[in-house]
Amino acid sequence: MSPKKKRPVVHGVTVLALLAGSAYLTVELRKDEQAKAPKVQAVTDTPKLQGAATGKSGAQTWERLKNPERSVLRDGSGEVLATFTDKARTATLKGPSRTFSEPTNTKTRVVTENWVRLMPEPWRKGAEKEKWFKDWFKEFFGSQEDDIFAMGFQYVQDQPVKKDDEGLAYAGDANFGPLNPNGSSGNDLREELSDFYDYLGISYTFRDGVTAQSETRRARSADCSGFMRLLLGYRARYPLASSDKSGDGLPRTANGMARSDLGANVIPLTSVGPEGRPKSIDLLQPGDLVFFKLDARTKQRLDHMGIYLGHDTEGNMIFLSSREEVNGPTIGDKGGASRLNGNGYYAKTLRSAKRL
């Protein structure tokens with residue numbers, strides 16, 4: 001289905017008005033770097049399906065687990081096929097192994113059999129017996145249709161533009177935001193406030209009746225929360241709110257999402273140690289939203305977010321987010337490694353996690 005929207009005629013590539021002086025040079029330098037960079041890869045390896053997808057696992061069993069409350073489907077050998085968390089619409093399903101990488105900015109490679117998809121309703125105990133779930137599971141378990149991870153990597157550097165049947169460019173290399181004329185290389189280099197409709201170059205009417213209009217200078221741009229709204233809302237069809245305080249759905253900012261009642265809080269804001277870090281991150285599951293406190297000027301407000309992918313080939317816990325240092329979505333190391341474990345910049349500033 002198509003979201004309710006009004007939009008002008010969209011051409012293949014929106015021409016941005018370049019800022020003068022250093023801004024022009026910065027953009028031209030990035031073009032030159034992209035021309036030399038290897039392409040980003042999202043490769044499907046040999047499928048390794050078990051359970052219902054192969055029909056060779058024997059009886060499947062359901063199990064209830066706590067912290068958070070969830071239902072787990074296992075095959076006859078006890079291997080987990082799928083996980084469904086109470087109050088959450090995101091589900092993690094076992095599927096073909098894939099490798100996600102971003103060679104332009106990092107050597108990190110995430111090899112995963114986890115496919116994260118959005119269910120039509122939040123999970124609740126016993127939902128495996130309900131028709132809506134049976135129909136959804138039959139359609140998507142074992143499916144290789146793009147999931148949230150595959151969609152997310154369609155916006156990292158060098159990814160090609162994808163258009164829908166009406167000619168709207170809905171995917172492709174995304175920016176974080178326009179250059180900030182008052183910023184510097186070490187502080188506020190790029191402006192925030194670019195939402196999903198800015199990336200798309202459309203006007204968008206939310207369910208509360210508020211209509212937002214894209215800004216030309218923000219075309220093809222989405223800040224950290226704007227990227228999550230583009231991915232989870234516009235692409236995966238999770239309802240979107242017009243702001244943090246208005247409308248029913250995913251709030252506008254990282255702080256609004258973290259403090260909302262949506263989904264299940266895997267790492268609550270209250271479960272932090274003396275330095276502000278979570279006491280444990282072991283409960284994180286691929287697909288969880290992770291929230292950070294980066295800027296001391298924002299006091300208690302959380303100001304960055306991303307989506308957890310799982311472990312890379314070196315055992316690090318990797319997340320994908322839109323960042324100004326790389327000017328767009330990345331799992332790279334520029335400005336701080338995209339790792340949740342260890343004592344790096346983002347590991348130290350992680351504050352909470354939510355399973356949407």
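The values are calculated or read from the model by the stated rules, or taken from the named source; none is laboratory data. On a predicted model such as this, the values are computed, not experimentally measured, just so you know. Reconstructed Cβ throughout: ideal geometry from the backbone, glycine too, with neighbour counts over all protein chains shown.
Write out, first by first residue and then by second, each pair whose Cβ atoms fall under 6 Å of each other, whose residues are 6+ apart or on separate chains, and whose first residue, in the range 197-219, is free of Cβ contacts under 8 Å to residues at least 60 places away in the same chain and within 21 Å of Gly177 (Cβ to Cβ) while the second is assigned to a loop (DSSP other than H, G, I, E, B) and of a type in the set (Lys, Arg). Once the first residue is free of Cβ contacts under 8 Å to residues at least 60 places away in the same chain and within 21 Å of Gly177 (Cβ to Cβ) and sits in the range 197-219, its partners that are assigned to a loop (DSSP other than H, G, I, E, B) and of a type in the set (Lys, Arg) give Tyr199/Arg220. Of all residues in the range 86-115, those satisfying the criterion of being under 18 Å from the mean Cα position of the chain (by Cα), in a strand (DSSP E or B), within 27 Å of Ala264 (Cβ to Cβ) and of a type outside the set (Asp, Glu) are Thr90, Ala91, Thr92, Leu93, Arg98, Phe100, Val110, Val111, Thr112, Asn114, Trp115. For first residues located in the range 276-295 and under 13 Å from Ala258 (Cβ atoms), partners that are polar (S, T, N, Q) and in a strand (DSSP E or B) and lie 6+ apart or on another chain with Cβ distances below 7 Å form the pairs Phe291/Ser352. The residue pairs whose first member lies in the range 250-263 and is among the charged types (D, E, K, R), whose second member is buried (at least 22 other Cβ atoms within 10 Å of the Cβ) and at pLDDT 95 or above, and whose beta carbons are closer than 8 Å, counting only pairs six or more residues apart or on different chains, are Arg252/Asp195; Arg252/Ser225; Arg252/Arg229; Arg252/Ala241.
The combined condition, being hydrophobic (A, V, I, L, M, F, W, C) and surrounded by 21 or more Cβ atoms within 10 Å (Cβ to Cβ), is not fulfilled by Leu294.
Residues checked against (1) hydroxyl-bearing (Ser, Thr, Tyr); (2) crowded, with 20+ Cβ neighbours inside 10 Å; (3) in a strand (DSSP E or B); (4) on the phi < 0 side of the Ramachandran plot:
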| site | (1), (2), (3), (4) |
| --- | --- |
| Thr313 | yes, no, no, yes |
| Val326 | no, yes, no, yes |
| Lys334 | no, no, no, yes |
| Lys348 | no, no, no, yes |
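Testing Glu63 on (1) outside any strand (DSSP E or B); (2) more than 20 Å from the chain's Cα centre (by Cα); (3) among the charged types (D, E, K, R), one condition comes back false. Which one is that? Result: Glu63 fails condition (1) only. For Ser194, are the conditions met, namely being small (Gly, Ala, Ser), more than 20 Å from Met257 (Cβ to Cβ) and touching a residue at least 24 places away in the same chain (Cβ under 8 Å)? No, not satisfied. The residue of the range 77-123 that is surrounded by the most Cβ atoms within 10 Å (Cβ to Cβ), among those that are charged (D, E, K, R) and under 16 Å from Leu356 (Cβ atoms), is Arg117. Of all residues in the range 124-167, those satisfying the criterion of being free of Cβ contacts under 8 Å to residues at least 40 places away in the same chain, part of a helix (DSSP H, G or I) and surrounded by fewer than 17 Cβ atoms within 10 Å (Cβ to Cβ) are Lys129, Lys131, Trp132, Lys134, Asp135, Lys138, Glu139.
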